[in-house]
1. Please list Glu227, Glu270 from largest to smallest accessible area, probe radius 1.4 Å, with all protein chains kept in place.
2. In region 172-273, carbon and sulfur make up what percent of the accessible area (probe 1.4 Å)?
3. Leaving out ligands, DNA and RNA but keeping every protein chain, what accessible area does Thr163 have, in Å² rounded to the nearest 10, with a 1.4 Å probe?
4. Roughly how many percent of the accessible protein surface of region 75-167 is carbon and sulfur, given a 1.4 Å probe and a whole-percent answer?
5. Using only protein heavy atoms and a 1.4 Å probe, report how much of Asp82 is accessible, in Å² to the nearest 10.
6. Which links in Lys129/Lys162; Lys74/Lys289; Lys110/Lys147; Lys58/Lys285 stretch past 18 Å when you go from one Cα to the other?
7. Return the sequence-ordered ³J(HN,Hα) values of region 48-63 in whole Hz as given by the Karplus equation 6.51 cos²θ - 1.76 cosθ + 1.60 applied to θ = phi - 60°, using x for Gly and Pro.
8. What's the local net charge at Asn204, with K and R +1, D and E -1, over the other residues with C-beta under 11 Å away?
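The values are calculated or read from the model by the stated rules, or taken from the named source; none is laboratory data. No experiment lies behind these values; they were computed from the predicted model shown. Here the Cβ is made from the backbone with ideal geometry for all residues, glycine too, and neighbour counts use every protein chain on show. All accessible areas refer to the heavy atoms of the entire protein, side chains included, with ligands and DNA or RNA removed. Shrake-Rupley method; radii C 1.70, N 1.55, O 1.52, S 1.80 Å.
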Amino acid sequence: MLLLKSLAPLCILAVVAFAVPAQEKRIHHRTDLSDHAHNDAHGFQYDHEAFLGKEEAKTFDQLTPEESKDKLAKIVDRIDTDKDGYVNHAELHYWIKHRQRRYIEENVNKHWNDYDMNQDGKIGWEEYKNTTYGYYLDEVFDDIEDKATYKLMLIRDERRFKTADRDGDGIATREEFTAFLHPEEFDYMKDVVVQETVEDIDKNGDGKINLDEYIGDMYTPENGEREPDWVQTERKHFSEFRDTNKDGYLDADEVAHWILPGEVDHADNEAKHLIHETDTDKDEKITRKEILANWNMFVGSQATNYGEDLTKRHDEL
């Protein structure tokens, strides 16, 4: 028994290594194109991450201006799928959505081999459960701290897995596993996303979110600290915009409208923005020359991160 107890911490580490990261279980909003504010007057980091993807943008940040422009020229050729010498809105919109989707695909690929233990190209629920929670479910580990929390996580994961498993065969294809890891990206997972959000924020367990719970999910005051202005703004948003029926709570429908605003297509808006800012002859499409003239808006480099004047969009270094 003593040996088993001494092994418990090692088992916990093994499970943590395999488990889906907590931030991927915690769904609130659809992923934006960038974590940066979209304000061109203060830089183009939002546009860089939208156009390249968050990880690839970091790579471009390390390039010289010449290297950055050379790589951008090759990207333009890829975006121009009909090879007419122009990048139109549809092509740019598709490219931006593809770059954002690539992050998700890379994330799924990172986890896939951990769970596809028999390497059959599919992940069964039992396969996932045993890999992630097996040690916690064993009676030997009843004294592990927070075991109850992991049991709740298991219930949540099983519900999400079964929803993602559209044909109900207990086995996830790569597409279904993607829906399991990133439910906010799939329309048919909407109810699960809303349910998990309510469960995360609803501290009193009444199945809806009141103002204190809404604010408490974003902000915890320190002793004597004055509430920041942005918190006051969120209070107004709750009462004026989020709580549409004015009953003092957010129900499932109101939460859905808050976290999954279907009418917003960030990729579409960004494509329009990039074309508007760089289309010098105003023909509603952009040439390679127009794009390269504004290279620092699309991709950036070391120069744009270390003192270059980002507002000079036509700077030809």
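1. On the way: Glu227 45, Glu270 5 Å².
Sorted by accessible area, descending: Glu227, Glu270.
2. 46
3. 50
4. Details: 2630 of 5420 Å².
Answer for region 75-167 is 49 percent, counting heavy atoms of protein chains only.
5. 80
6. Numbers: Lys129/Lys162 12 Å; Lys74/Lys289 13 Å; Lys110/Lys147 26 Å; Lys58/Lys285 27 Å.
Exceeds cut-off: Lys110/Lys147; Lys58/Lys285.
7. Along region 48-63, the couplings run 4, 6, 5, 6, 9, x, 4, 6, 5, 4, 5, 5, 5, 4, 8, 8 Hz.
8. On the way: positive: Lys203, Lys208; negative: Asp202, Asp206, Asp212, Glu213.
Result for the neighbourhood of Asn204: -2.
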